[in-house]
Amino acid sequence: MVEQDCIFCRIASGDIPAGRVYEDDQCIAFRDTNPQAPVHLLVIPREHVESLDDVGLKDEPMLGHLMRIASRIANDQGLAENGYRTVINTGASAGQSVFHLHVHVLGGRPLSWPPG
Ligand code: 5GP
Ligand code: ZN
């Protein structure tokens, strides 16, 4: 389902440009417009799913695919040697601002823990 008022659906459909680094039939990956690290990418499913909390049994292969592609693009961007972080914010209190499931891939600097 493509939701016309969803910014990530519009990026996935090509309606809105984004700095794409990877795409296939299930997902696309692109650069975050407000990067929180030297490398900050987002991996999203083409299908509109609001959040991790809306992922059902039928979505398990898609979720696995997103995580595998996250690691692949992290490697492609040269992040593997020093490490990288994958983050899924779920719900507004956890920092989710775009309600289309996405995996953040962050790296290129030391990352502190715990997150804020
Ligand atoms: P969230 O806060 O939902 O976990 O992450 C949403 C991310 O999407 C934020 O890091 C934000 O900078 C990024 N973002 C929001 N709108 C756009 C956009 O139009 N294009 C791109 N490339 N990133 C966006
Ligand atoms: Zn969407």
Check: Looking at the range 68-78, which of its residues are under 16 Å from Arg46 (Cβ atoms) and surrounded by fewer than 16 Cβ atoms within 10 Å (Cβ to Cβ)?
Finding: Arg68
Next item on the list: Return only the number of the condition from (1) assigned to a strand (DSSP E or B); (2) within 11 Å of ligand 1 (Cβ to nearest atom) that Val43 does not satisfy.
Entry: (2)
Next item on the list: Might you check whether a residue that is within 13 Å of ligand 1 (Cβ to nearest atom), hydrophobic (A, V, I, L, M, F, W, C) and either closer than 20 Å to Ala80 by Cβ or free of Cβ contacts under 8 Å to residues at least 24 places away in the same chain (or both) occurs anywhere in the range 1-18?
Entry: yes
Check: In the range 19-45, which residues are open to solvent by 40 Å² or more (accessible area, probe 1.4 Å) and under 18 Å from Ser97 (Cα atoms)?
Finding: Arg31, Thr33, Asn34, Pro35, Gln36
Checklist line | Pairs, first farther than 21 Å from Ile11 by Cβ in the range 98-111, second of a type in the set (Val, Ile, Thr) and surrounded by fewer than 22 Cβ atoms within 10 Å (Cβ to Cβ), C-beta under 7 Å, six or more apart | finding: Gly107/Val39; Gly108/Val39
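The values are calculated or read from the model by the stated rules, or taken from the named source; none is laboratory data. As the structure is a computational prediction, the values presented were derived from the model and not from experiment. Cβ atoms come from the backbone with ideal geometry, glycine included; neighbour counts cover every protein chain shown. Please note that ligands, DNA and RNA were not included when accessible areas were found on the heavy atoms of the full protein model with its side chains. Shrake-Rupley method; radii C 1.70, N 1.55, O 1.52, S 1.80 Å.
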